[in-house]
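A.B. asks: Below you will find the structure I want to go over with you.
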Amino acid sequence: MSQRNETHMHEHNHDGSCCNHTSRVEKQEVNENHHHDHDHSHCSCESQAEEDDVGDIQAKYKYKIVGLDCANCAMKVEDTLNKQNFIKDAKINFSSGLLYVNPSKQANDDTLQEKIAKIVDDVEPGVKIVDTESDVDTSNKGELIHLLVGIGLFLIALYFESRINFSPIFLYMIPYLFIGYKVLWKSVRNIMKGEIFDENFLMSIATIGAFVVGSYEEAVEVMLFYSIGELLQSYAVNKSRRSISDLMDIKSEYANLIKSDGSEVKVDPKSLKINDMISIKAGEKVPVDGVIVNGASSLDISALSGEAALKDVGADDEILAGSINTNGLLKVKVTKIFEDSTVAKILELVENAANKKSPIENFITKFAKIYTPIVVFLALAIVLIPSLIYGFDEFNTWLYRGCTFLVISCPCALVVSVPLGVFAGIGSASKIGALVKGGNYLELLNDVNCIIFDKTGTITKGNFEVSDWSGDSNILEYAAYAESYSNHPIAKSIVSKYGKKIDFKRLENYQELAGFGVSVEFDGKALIAGNEKLMKQEKIEYTETDALGTVIYIAYDGLFVGYIIISDEIKKSSREALNELRELGITNTVMLTGDREAIANNIANDVGIQSVHAQLLPQDKVSILENYLSNKDNTVAFVGDGINDAPSLMRADIGISMGGIGSDVAIEASDLVLMTDDLLLIPKTIKISRKTKKIVMQNIIFSLAVKLIVLILSAIGVANMRMGVFADVGVTLIAIINSMRALIAYKHV
């Protein structure tokens, strides 16, 4: 914000900030329903409930879940855990392989992990729960050896089939049971629990059916190909998780703690305390946020901001965790513990983003639950209806077709590839310095057609300086004393220009007048500084100026004494960013400011903004935002600094905070946090969003199309079970590989 009436909005914006919880509730409704017909009666409790609905769990415990490479299985485990009386809520983040748990009050925390591990193993045998710091082997060597032995047994059966005089069923039964006993056992266990319709059941029924009709060889092949496909799928999922993890590998594994005797010891960054002294050598990552006490260097901040440029730092400069010291030795005082550091916030945001599912992910989850039962009954119909109509002479033929139909029907390709694709897109955005707080927001960025910008710190740099003044010879002194209590950049620029020490004993009865300016008694007489509205309100005759810049009018002892002009510079990226947004089809761009109409229009014309609302009071911004939201054809993004614009950031469909990674308010209020003040990150993130959605839709269309074609072919007797296995595990692998293209989307924006 740049105009004088915006100067004192920061700490005194009572008109909108009380609605923060309500705004967040309404935003969730907008995101899910894409309409803007809102009720402002929600209380804070309802707000929290709405947040929990989108899966944002503030978990007490977090575990790594190993061996769970099936999204359907993850849902079953999650549902089972949430039914336990010692668990308040549990959430599995399939994309990152993490389990979040909040125990109930009656839970024994000492035995919690053991109890959870037992339940998880009961639902999904072989799946392990370990601490997040544990290094677990995910190479699947045991499964690979098991499969190789199974292939050997299958080849032996093939060799002896033509050399025996009895039915080869027993020959093929050995490799079948050896390869498929886990699938068969899981199917039996699930049936005993009343959970019938899953991929284990489908594969078991299909292959048993193949044995019934005498297709022994094919039954073993189907179980073998399915197991190979599952192993490859597990490898692909683990590889995807590692790729995403590597993308976010920005935290330091250690810190060099300087002890009281001057010696150094390597410690875990999580053990550091505020005011600890650490050293950072050339090539090392900054482990926690701190202030340089001694030394100078250039920091590589690309992991935090996406910018390749180095940042020169020296004594008294603040440095952020995740930066890399490129040269020199730095002695640093810790200012934030690891959990509160910049790198921890970034990792937490990206990690938790997968908990907020996009509409496509929610659709696929619901689709998978109804899809499997439907195809089971369709397969049953394929077997029974023709047999009843044409007689049971061809029963084996229809049974084979029904079994093939079942093999094809597993929805793995969708339920695995879609969340991985969305999470990869979020990881890709983080690589350029754009932290998207959920898959729902990443998808919603596709639909944004109206972007509203705050001016100062967003379109302009927010680096104010006094460019001119006119009036009494003491005008700078009056202005500096009037502004001396304020921390706003405009006020600081005036005090800096004055250049002399402020004697606060000369000041009394200081007041900030939100939207107008300030008033104070200076040497016992009334001193006011603000915009023309303040002059009119106090009925002071003043000389108006049309100079470009923020104008501060000063009156002392009831008389106008002059004005000061404050200038702000437009960011270089603003013009280019607005041009790219137009190329993306977003032409409805708006700027909100408290500045005068002439200044606002000049800036808007310069950068290419379509509409301007100037001379606004603090509460006016939310009102104007509401007007744009009321148009049901609009999906509105608001771009601000994340602190003074918190009500608008929370109220918009998508709140985008600029350069707000150091601000808790920015992270809380916005849905997209940009780690730098570069506006170009907005069109770049939208491009990543569109690329990700395109990849996800490709997976959905490809998976459903292949399955539909092969299902039809199986029903008419053209497709065999081998084609069915490809339509299941083969398509899944292709979809997973395609999803990983979203990981490199940032390279093409």
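A.B. asks: Can you confirm whether segment 733-744 contains a residue that is within 17 Å of the chain's Cα centre (by Cα), farther than 30 Å from residue 339 by Cβ, modelled with pLDDT under 85 and not β-branched (Val, Ile, Thr)? Don't jump to the end; show me each part of the working.
C.D. replies: Filtering segment 733-744 for residues within 17 Å of the chain's Cα centre (by Cα) gives 739-740, 742-744.
With farther than 30 Å from residue 339 by Cβ added as a condition, the list becomes 739-740, 744.
Add one more test, that the residue is modelled with pLDDT under 85, and what stays is 740, 744.
Pick out the ones that are also not β-branched (Val, Ile, Thr) and you get 740.
Yes, segment 733-744 has at least one match.
A.B. asks: State which residue is nearest to residue 552 (Cα to Cα) when the search covers only segment 584-618 and only residues that are open to solvent by 40 Å² or more (accessible area, probe 1.4 Å), assigned to a helix (DSSP H, G or I) and touching a residue at least 24 places away in the same chain (Cβ under 8 Å).
C.D. replies: Filtering segment 584-618 for residues that are open to solvent by 40 Å² or more (accessible area, probe 1.4 Å), assigned to a helix (DSSP H, G or I) and touching a residue at least 24 places away in the same chain (Cβ under 8 Å), the one nearest to residue 552 (Cα to Cα) comes out as 598.
A.B. asks: Let me ask you something else. Kindly evaluate residue 228 against the criterion of being in contact (Cβ under 8 Å) with a residue 40 or more places away in the chain, touching a Leu at 6+ places or on another chain (Cβ under 7 Å) and within 30 Å of residue 349 (Cα to Cα).
C.D. replies: No.
A.B. asks: Same structure again: Just to be sure before I move on: is residue 512 open to solvent by 60 Å² or more (accessible area, probe 1.4 Å), in contact (Cβ under 8 Å) with a residue 12 or more places away in the chain and not in a helix (DSSP H, G or I) in the structure I sent?
C.D. replies: On the way: open to solvent by 60 Å² or more (accessible area, probe 1.4 Å): no; in contact (Cβ under 8 Å) with a residue 12 or more places away in the chain: yes; not in a helix (DSSP H, G or I): yes.
So residue 512 does not fit the description; no.
A.B. asks: Out of 131, 110, which single residue is surrounded by fewer than 14 Cβ atoms within 10 Å (Cβ to Cβ) and either touching a residue at least 60 places away in the same chain (Cβ under 8 Å) or of a type in the set (Phe, Trp, Tyr) (or both)? Let's see the steps before the verdict.
C.D. replies: Numbers: 110 fails: either touching a residue at least 60 places away in the same chain (Cβ under 8 Å) or of a type in the set (Phe, Trp, Tyr) (or both).
Going through 131, 110 in turn, the sole match is 131.
A.B. asks: Right, another one. Pairs, please: C-beta under 6 Å, at least 6 apart or cross-chain, first residue at pLDDT below 90 and in segment 619-638, second open to solvent by less than 10 Å² (accessible area, probe 1.4 Å) and of a type in the set (A, V, I, L, M)?
C.D. replies: Qualifying pairs under 6 Å: 621/592.
A.B. asks: Among the listed residues 166, 178, 170, identify the single one that is at pLDDT 90 or above and over 36 Å from the mean Cα position of the chain (by Cα).
C.D. replies: That would be 178, the only listed residue that is at pLDDT 90 or above and over 36 Å from the mean Cα position of the chain (by Cα).
A.B. asks: With respect to residue 400, is the statement that it is outside any loop (DSSP other than H, G, I, E, B), within 30 Å of residue 679 (Cα to Cα) and not aliphatic (A, V, I, L, M) true?
C.D. replies: So residue 400 fails the test.
A.B. asks: Take the residues of segment 541-552 that are outside any strand (DSSP E or B) and surrounded by 15 or more Cβ atoms within 10 Å (Cβ to Cβ): which is modelled with the lowest pLDDT? Lay out the reasoning, then the answer.
C.D. replies: First, the residues of segment 541-552 that are outside any strand (DSSP E or B): 541-549.
Next, from what is left, pick out any that are surrounded by 15 or more Cβ atoms within 10 Å (Cβ to Cβ): 542, 545, 547-549.
On the way: 542: 92, 545: 84, 547: 76, 548: 72, 549: 78.
Among those residues, the one meeting the criterion is 548.
A.B. asks: Here is a follow-up. Taking only segment 689-722 into account, find how many residues are farther than 24 Å from residue 383 by Cβ and open to solvent by less than 50 Å² (accessible area, probe 1.4 Å). If you could, list the steps in order and put the result at the bottom.
C.D. replies: At the first step, the residues of segment 689-722 found to be farther than 24 Å from residue 383 by Cβ are 689-703, 705.
Right, trim to open to solvent by less than 50 Å² (accessible area, probe 1.4 Å) and you get 689, 692, 695-696, 699-700, 703, 705.
Adding up the residues that qualify gives 8.
A.B. asks: To continue, here is another question. Within segment 458-483, count every residue that is part of a loop (DSSP other than H, G, I, E, B), among the small types (Gly, Ala, Ser) and open to solvent by less than 20 Å² (accessible area, probe 1.4 Å).
C.D. replies: If we filter segment 458-483 for residues that are part of a loop (DSSP other than H, G, I, E, B), which is where we start, we get 458-459, 461-464, 472-474.
If we keep only those that are among the small types (Gly, Ala, Ser) too, we end up with 462, 473.
Now restrict to residues that are open to solvent by less than 20 Å² (accessible area, probe 1.4 Å): 462.
Within segment 458-483, residues that are part of a loop (DSSP other than H, G, I, E, B), among the small types (Gly, Ala, Ser) and open to solvent by less than 20 Å² (accessible area, probe 1.4 Å) number 1.
A.B. asks: Applying the selection to segment 382-408, what residues are surrounded by fewer than 19 Cβ atoms within 10 Å (Cβ to Cβ) and in contact with a Gly (Cβ under 8 Å, 6 or more places away or on another chain)? Before you say what the answer is, go through the steps one by one.
C.D. replies: Of segment 382-408, the ones surrounded by fewer than 19 Cβ atoms within 10 Å (Cβ to Cβ) are 384-397.
Of everything in segment 382-408, those that are surrounded by fewer than 19 Cβ atoms within 10 Å (Cβ to Cβ) and in contact with a Gly (Cβ under 8 Å, 6 or more places away or on another chain) turn out to be 396, 397.
A.B. asks: If you don't mind, there's one more thing I want to ask. Any idea which residue in segment 659-680 is modelled with the highest pLDDT, counting only those that are charged (D, E, K, R) and open to solvent by 10 Å² or more (accessible area, probe 1.4 Å)?
C.D. replies: So in segment 659-680, the residues charged (D, E, K, R) come out as 664, 668, 671, 677-678.
Right, trim to open to solvent by 10 Å² or more (accessible area, probe 1.4 Å) and you get 664, 668, 677-678.
Working: 664: 65, 668: 75, 677: 81, 678: 86.
It comes out as 678.
A.B. asks: To continue, here is another question. Looking at (1) touching a Ser or Thr at 6+ places or on another chain (Cβ under 8 Å); (2) of a type in the set (S, T, N, Q); (3) on the phi < 0 side of the Ramachandran plot, find the lone condition where residue 140 falls short.
C.D. replies: Evaluating residue 140 over (1) touching a Ser or Thr at 6+ places or on another chain (Cβ under 8 Å); (2) of a type in the set (S, T, N, Q); (3) on the phi < 0 side of the Ramachandran plot leaves (3) as the failure.
A.B. asks: Pairs, please: C-beta under 6 Å, at least 6 apart or cross-chain, first residue within 23 Å of residue 166 (Cβ to Cβ) and touching a residue at least 40 places away in the same chain (Cβ under 8 Å) and in segment 198-223, second of a type in the set (Lys, Arg) and crowded, with 21+ Cβ neighbours inside 10 Å?
C.D. replies: Pairs that qualify, where the first residue is within 23 Å of residue 166 (Cβ to Cβ) and touching a residue at least 40 places away in the same chain (Cβ under 8 Å) and the partner is of a type in the set (Lys, Arg) and crowded, with 21+ Cβ neighbours inside 10 Å: there are none.
A.B. asks: Name every residue in segment 211-234 that is over 26 Å from residue 120 (Cβ atoms) and open to solvent by 50 Å² or more (accessible area, probe 1.4 Å), in order of residue number. So that I can check it myself, show each step before the final result.
C.D. replies: Initially, segment 211-234 is screened for residues over 26 Å from residue 120 (Cβ atoms), giving 211-222, 224-225.
Hits for segment 211-234 are 212, 217, 225.
A.B. asks: Among the residues of segment 170-210, count how many are closer than 22 Å to residue 722 by Cβ and open to solvent by 20 Å² or more (accessible area, probe 1.4 Å).
C.D. replies: 11
A.B. asks: Please find, within segment 306-362, the residue that is modelled with the lowest pLDDT out of those that are under 16 Å from the mean Cα position of the chain (by Cα) and among the β-branched types (Val, Ile, Thr).
C.D. replies: Looking at residues that are under 16 Å from the mean Cα position of the chain (by Cα) and among the β-branched types (Val, Ile, Thr), I get 350.
A.B. asks: Looking at segment 381-409, I want the residues that are closer than 20 Å to residue 724 by Cα and have a partner that is assigned to a helix (DSSP H, G or I) and of a type in the set (Phe, Trp, Tyr) with Cβ atoms under 6 Å, at least 6 apart or on another chain. Which pairs are those?
C.D. replies: 382/405; 383/398
A.B. asks: Just to be sure before I move on: is residue 145 surrounded by fewer than 17 Cβ atoms within 10 Å (Cβ to Cβ) and out of contact with any helix residue (DSSP H, G or I) (no Cβ under 9 Å at 6 or more places or on another chain) in the structure I sent?
C.D. replies: Values: surrounded by fewer than 17 Cβ atoms within 10 Å (Cβ to Cβ): yes; out of contact with any helix residue (DSSP H, G or I) (no Cβ under 9 Å at 6 or more places or on another chain): yes.
It is true that residue 145 is surrounded by fewer than 17 Cβ atoms within 10 Å (Cβ to Cβ) and out of contact with any helix residue (DSSP H, G or I) (no Cβ under 9 Å at 6 or more places or on another chain).
A.B. asks: Which condition breaks for residue 259 when tested against (1) open to solvent by less than 60 Å² (accessible area, probe 1.4 Å); (2) charged (D, E, K, R); (3) within 30 Å of residue 341 (Cβ to Cβ)?
C.D. replies: Unmet condition: (1).
The values are calculated or read from the model by the stated rules, or taken from the named source; none is laboratory data. Note that this is a predicted model, so its numbers are computed, not measured. Cβ atoms come from the backbone with ideal geometry, glycine included; neighbour counts cover every protein chain shown. Just the protein is used for accessible areas: all its heavy atoms, side chains included, with ligands, DNA and RNA removed. Shrake-Rupley method; radii C 1.70, N 1.55, O 1.52, S 1.80 Å.
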